[in-house]
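In what follows, a structure is listed as structure tokens, so that the remarks can point back to it.
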Amino acid sequence: QVQLVESGGGSVQAGGSLRLSCAAFGYTYSVDCMGWFRQAPGKEREGVAVINTGVGETYYADSVKGRFTISQDNAKSTLYLQMNTLKPEDTAMYYCAADYGRWQCMTRTQALSGRPTYWGQGTQVTVSS
């Protein structure tokens, strides 16, 4: 029902910035929650930033709060993640995710620990010291 395609990943030095984009195709107006997750080798998946598209509320992991900003266009067709002051610990595969029911995002806990239905293929972010 929904196809997600990420772009914008790459390799940067610590302190640099990257802007990730997620293009959504399909029944985008049915989407309630959209967000970014990441996973580094040997570590569990981590919720990074989520937006409740119905009310515009955003949620961030403590590790990225103040450095990352999630946003979307009015049509819900594109999701963004502006990443500033990048650190080596931000190195991971970043995935765009979306849902319209299974994944609840009315609270921070629900948003960051949810199980979205739709996922992108991922885009690699590598931050060097």
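The values are calculated or read from the model by the stated rules, or taken from the named source; none is laboratory data. Keep in mind that this is a model prediction, so the values were computed, not measured. Cβ coordinates were reconstructed from backbone atoms using ideal geometry, including for glycine residues, and neighbour counts include every protein chain displayed. For accessibility, only protein heavy atoms count, side chains too; no ligands or nucleic acids. Shrake-Rupley method; radii C 1.70, N 1.55, O 1.52, S 1.80 Å.
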request  = Order the following by accessible area, largest value first: Arg45, Arg67. Probe radius 1.4 Å; ligands, DNA and RNA are ignored.
outcome  = Arg45, Arg67
query = Tell me, what % of the accessible area of the chain is carbon and sulfur with a 1.4 angstrom probe?
reply = 46
query = Using a cut-off of 26 Å between alpha-carbon atoms, which lysines can reach Lys76, once sequence neighbours fewer than 8 places away in the same chain are excluded?
reply = Lys65
message = Modelling each spin label as a point 7 Å along the Cα-to-Cβ direction, I'd like the Gln104/Lys65 distance in nm, to one decimal.
response = 2.2
ask   = Residue by residue, what Karplus-based ³J(HN,Hα) values in Hz, rounded to whole numbers, does the range 62-71 have, using 6.51, -1.76 and 1.60 with θ = phi - 60° and x for Gly and Pro?
value = 4, 5, 10, 4, x, 10, 9, 9, 9, 7
ask   = What accessible area per residue, rounded to a whole number of Å², is obtained for the chain using a probe radius of 1.4 Å?
value = 51
request  = Within the range 42-129, list the GluC sites (Glu not before Pro) lying in a DSSP loop whose Cβ has at most 13 other Cβ atoms in a 10 Å radius.
outcome  = Glu44
